[in-house]
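Laboratory data are not the source of any read-out in this text; all were calculated from the coordinates shown. Computed from a prediction, not measured in an experiment: that's the story for all the values here. Positions of Cβ are generated from backbone atoms using ideal geometry, with glycine treated the same way; all protein chains shown enter the neighbour counts.
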Amino acid sequence: SAERAVPVSLTDLALSFPRKCTKDKADSLGICGWVRNTRKGTVEGIIQGSTDKMDTMKHWLSNVGSPSSAIEKCTFTDEKNIDEAEFENFSIKKTA
């Protein structure tokens, strides 16, 4: 089945969207990709997975998040279909 790749940008009022919660959710869904904090106080990353899992992950990122987060804005850009995932798992990268 075709996978989807979606670069994600989150703007968070609390400025500390817990990346570990994002990784835990991605791992539970079988989503791969990465997430990192930015020096602007936002979070960015790439998520890849099957359509149904991606829809669940995008909803979680946009509306739920971690218990201590306040999501101000969540944007998904450059969404595209891919033949297979570019990442083996979901990782937390260093701040950029």
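Among the residues of the stretch 52-96, those identified as farther than 18 Å from LYS20 by Cα, in a loop (DSSP other than H, G, I, E, B) and not aliphatic (A, V, I, L, M) are THR77, ASP78, GLU79, ASP83, GLU84, GLU86.
Report yes if some residue within the stretch 72-95 is in contact with a Phe, Trp or Tyr (Cβ under 9 Å, 6 or more places away or on another chain) and aromatic (Phe, Trp, Tyr); otherwise report no. Yes, the stretch 72-95 contains a residue that is in contact with a Phe, Trp or Tyr (Cβ under 9 Å, 6 or more places away or on another chain) and aromatic (Phe, Trp, Tyr). Scanning the stretch 18-28 for residues that are surrounded by fewer than 18 Cβ atoms within 10 Å (Cβ to Cβ), within 14 Å of THR56 (Cβ to Cβ) and touching a residue at least 12 places away in the same chain (Cβ under 8 Å) turns up just one, ASP27.
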